[in-house]
Structure formats: C-alpha cells, structure tokens
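Following: one structure in structure tokens, then a few remarks.
The values are calculated or read from the model by the stated rules, or taken from the named source; none is laboratory data. Worth saying up front: this structure is predicted, and the values here are computed from it rather than measured. FYI the Cβ positions are ideal-geometry reconstructions off the backbone, even for glycines, and counts take in every protein chain you see.
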Amino acid sequence: MKIGLLGGGQVGQALFKVLYSEKETILNILREPLEIKKVLVKDLNKKREIPKDLLTTNPEEIILDQEIQIIVELMGGIEPAYSYIKKALEEKKVVVTANKEVIALYGEELYKIARKKGVDILFEASVGGGIPIIKTIKEAMVVDKVKEIWAILNGTTNYILTKMEEEIKDFDESLKKAQELGYAEPDPTKDISGLDTAYKLSILSSFAYHTTITPQCIYREGIENITLRDLLYAKDLGYKIKLLAISKENNGEIETRVHPTMIPINSPLASIRGVYNAILLKTEKRGDILLYGEGAGPYPTSMALLSDILESAYTLLYSLPRYYSFAYLYPSKIKNWENFFTRYYIRIWVKDQPGVLAQIAKILGENSISISSVIQKETSEKEEKAEIVILTHKTNENSMQKAISEIKKLPILENWGSLIRIEG
Ligand code: NAP
Ligand code: HSE
C-alpha cells in the first residue's frame, strides 16, 4: 500500500525511519508492505534523511495520486495544512495527522467531510506524543463517562519547568535545549503561552464530552511569567508548579482551563518530569485512569502515527467498516471563568513598614477571601522592601481578580510578583 507524506521535517524524517525499521512487523500485520511514495517539502535542497527522489514541492503530486490511499500530514500550522487535509478527504483519501492546531480548530468540519466521503481522519499523534490517549477516549470510554481531565499536555513547558527547578537553569537556556531536542513547535510561543496545551485540551474534551470545545472556549495562561523564585517557594511549601490542562463536566456545563498550577508534591501529576506528559481521566464507572509517556519528540510521535497508519491501512486492505466515535454531537455550555473556584498563591514585593500586611489582609477579607498562610522572609534593613507570599483558601476567580486590582493600587506595593492557582 502506498502512502504520501505532507512534510518531511523532524517528525516526517523520524516516521520515514520507523516505517523502514518496522517493515517486517508491518508486513506481518498487513500481509502487504507499506511504501512512502512521495514527501512534500518546502525546500528540496535542505539536508534530510529522506531520499531526494521521493521529494516534491507540488502537493497535487500526492493529493491527486490515485495510487496513494493514505496521506500523512506533518507540516504543522493552519495553512496550507488545513486546505490540503480537506482536499485529501474530498479526494477520498484517509488522512493521518499530528496537527493539533488544525484538529482543534477544524476537527468538527473535517470529521464530517470524512464521514460523508466514507473515509477517516486519525490524529493520535496530535495529543500526548506517544501516549495512546485518543484511542483510549474515543474507543474505551464510549460506555463509561469521563467527568474530568487533569493533564500535562506539553512536553516543552514541562521540560523547561523541570530544568529550571531541578538544575536552576534559566528559562531561555531551558527553552533552547527543548528546541534542540525537537520538542518545541516551530514557533515556541505556542508552547510557552499554553496555546498548544489548549489545542490538545480542546481535542480531548470534545471527544470526552461528545461536544465541540474550541480552543477559544478555554481560559488560558502560559508559563512566561513563572520565575525560579516561584518554583523554589513552591518546593519549600511542598508543591510543584505544572502547566495543567483541566476540564470538568458537571450537569452539561463544562469548565476548561489551562494555566500554571501548584499541585502537592505527592500528587500523581507532580512526579511527571521533563518531556513526559500524563493524562488523568476521572471516569464515572472505572474511577481514575492515568496514562503517562513521552509527550513530544519525533520518535514517540512516529509510533502514534504508525498505529493510526496501520489501523487505516488494515481497514482499507480488508474493506472493514469504519468506527466513527462520538465527538461534536451536542452543543456545549461553557462555565464562565469568573466562577472558577480554587486556591491561590500570591507573591508580591511591598514596602517593609508597619501595617502593610493589615492593608492586604483587609482587601482580601473585603472580597471574602480567606488566608491560609503568609510567609515573609527576613530582608536586610538596607533593602527597605519585603517579599510576601500568601496562600488562600478556596475562593472564586472573580473575587480574586477584584482583590488583585485593589492590591495593585496600594501605595505600599513595590512590585507585583505572581498569582498562581493551587489545586489538589
Ligand atoms: P518541522 O520540522 O517544522 O517540519 C515541517 C515540514 O513541513 C518540513 O519538512 C517543511 O518543509 C514542510 N512544510 C512546511 N510548510 C510547508 C509548505 N507550505 N509547503 C511544503 N512543505 C511545507 O515540524 P515537525 O516538528 O516535524 O512537526 C510536524 C507536525 O507534528 C506539527 O503539526 C507538530 O505540531 C506535530 N508534532 C510535533 C511533535 C514534535 O515533537 N516535534 C510532536 C507531536 C506533534 P522543509 O523541510 O523544506 O522546510
Ligand atoms: N511542542 C509540542 C510539545 C510537541 O512540546 O508538547 C508535541 O505535541
């Protein structure tokens, strides 16, 4: 069976090698070899581990080729990837993709085209790198109900936070290393800003709750303002800071958010280090299910692609019926961010003088926010300012945002530090 690749970059080249190294296994499963016929690239002269005679810069040589039945999209970004995928489905090709952006933004439309044309679009590699999370949610959770998703879905940011905390490396150096290892997006601000995580959470939530959760529905903050000081304070307090993807379904209402989160050091997600991702599903009938594995990197991603390619090749070769799962069925009701209810960590620099704590406590109290602890480390008299860390009990986001804007207006405030949500 012939396949075509749209993209021959980090993942495309790894997939090329995996298809070669696994050719005996593939032959045993399919009883027919899988062969890459063409690979679309932008620059024919770039050095890469794919033979030059397979390369093309003309997408039609792949999309319109009658011999090619499966198209694997590995270009990334929205355009032209989205248009090529759509065209391929309209040409009745099966599409396999690692592109979370396109699936998060256009999944519903593409899924409907695929069904109408009697083909399929598979995207295991788009979430969690090598972790088989899409199959788990799409197939294994059909009768059971997912009630909550708690996850680390971005390898780059988890790698950065781990390096900063464990090796006291700075942010830029850690990001550079993540880029060298092939974890980061071509534009790494998509990782850092939490956008990549929001794309992935939107895909998981749409399939878990059988609805349409667009990335725009998701409240999002990235890790750009997380400092080493916060990571070390968190450690002292018995927490880790992770960029968490959280979604919960309650009586048809869905709460979805992505933000740095302090979680107790002994909670399952706190132990996820480096490029690893983990997804904790809270289900109605099976209780908690935790999946863990390498969340980025060309090789784990290639294994996820290979499982989708094999599934689609087998279905095509033996004319088996397709299984379409239950996403995008019902309209979604999204909980307003103002009603989120959680604990908070606040770090601020204030003038080191009498009555300062009382002023802050007054604002928090007036907004019905209850303090659970306060830390002020001793500073030298010369510094004339003090760093205060406050942990609160659970409160709603609206009250907290109001309190913060009042604290920011206090003349005793020297510098705003951070606000981090605490869960668990
Ligand atoms: P990459 O190294 O930047 O590769 C992109 C490939 O697409 C390159 O071969 C590029 O050609 C080609 N391309 C891009 N735009 C094109 C255009 N307009 N026309 C023709 N060819 C074009 O990206 P990657 O890291 O392999 O990622 C590919 C996809 O996998 C993305 O959707 C990414 O989010 C996803 N993904 C990546 C990882 C990971 O760990 N890297 C993990 C999971 C999912 P040239 O080589 O000539 O520039
Ligand atoms: N840039 C992504 C990450 C790649 O770091 O998780 C895997 O989707």
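Being surrounded by 16 or more Cβ atoms within 10 Å (Cβ to Cβ), farther than 20 Å from Glu148 by Cα and either away from ligand 2 (no atom under 15 Å from the Cβ) or not assigned by TED's automatic domain parsing to the domain that holds Leu74 (or both) holds for only one residue in Ala313, Ala327, and it is Ala313.
Taking Glu167, is it without any contact (Cβ under 8 Å) to a residue 24 or more places away in the chain, surrounded by fewer than 24 Cβ atoms within 10 Å (Cβ to Cβ) and in the same structural domain as Glu61 (by TED's automatic domain parsing)? Quick ask: steps written out before the conclusion?
On the way: without any contact (Cβ under 8 Å) to a residue 24 or more places away in the chain: yes; surrounded by fewer than 24 Cβ atoms within 10 Å (Cβ to Cβ): yes; in the same structural domain as Glu61 (by TED's automatic domain parsing): no.
Spelling it out, it is not the case that Glu167 is without any contact (Cβ under 8 Å) to a residue 24 or more places away in the chain, surrounded by fewer than 24 Cβ atoms within 10 Å (Cβ to Cβ) and in the same structural domain as Glu61 (by TED's automatic domain parsing).
Counting only helices (runs of 4 or more DSSP H) that sit completely within region 128-233, those holding 1 or more residues that are away from ligand 1 (no atom under 16 Å from the Cβ) correspond to 155-167, 171-180, 195-208. Does Ile241 fit the bill of being away from ligand 1 (no atom under 16 Å from the Cβ), buried (at least 18 other Cβ atoms within 10 Å of the Cβ) and part of a strand (DSSP E or B)? It is true that Ile241 is away from ligand 1 (no atom under 16 Å from the Cβ), buried (at least 18 other Cβ atoms within 10 Å of the Cβ) and part of a strand (DSSP E or B). Condition test on Leu320, is it aliphatic (A, V, I, L, M) and either within 14 Å of Cys217 (Cα to Cα) or part of a loop (DSSP other than H, G, I, E, B) (or both)? Considered against the rule, which asks whether it is aliphatic (A, V, I, L, M) and either within 14 Å of Cys217 (Cα to Cα) or part of a loop (DSSP other than H, G, I, E, B) (or both), Leu320 comes out as yes. Mind listing just one residue for me: the one in region 287-315 that is within 14 Å of ligand 1 (Cβ to nearest atom) and not in a helix (DSSP H, G or I) and, of those, farthest from Glu73 (Cα to Cα)? Here the answer is Gly293.
Output yes when any residue across region 258-265 is within 18 Å of the chain's Cα centre (by Cα), within 16 Å of ligand 1 (Cβ to nearest atom), assigned to a strand (DSSP E or B) and of a type in the set (Val, Ile, Thr), and no when none is. For region 258-265, residues within 18 Å of the chain's Cα centre (by Cα), within 16 Å of ligand 1 (Cβ to nearest atom), assigned to a strand (DSSP E or B) and of a type in the set (Val, Ile, Thr): absent. The helices (runs of 4 or more DSSP H) falling completely within region 1-74 that include 2 or more residues that are within 15 Å of ligand 1 (Cβ to nearest atom) map to 10-21, 60-63.
Looking across region 287-310, the residues that are crowded, with 19+ Cβ neighbours inside 10 Å and of a type in the set (S, T, N, Q) come down to Thr301, Ser302. In region 208-238, the qualifying residues are those that are surrounded by fewer than 24 Cβ atoms within 10 Å (Cβ to Cβ) and aromatic (Phe, Trp, Tyr), and the one that is nearest to Lys135 (Cα to Cα) is Tyr219.
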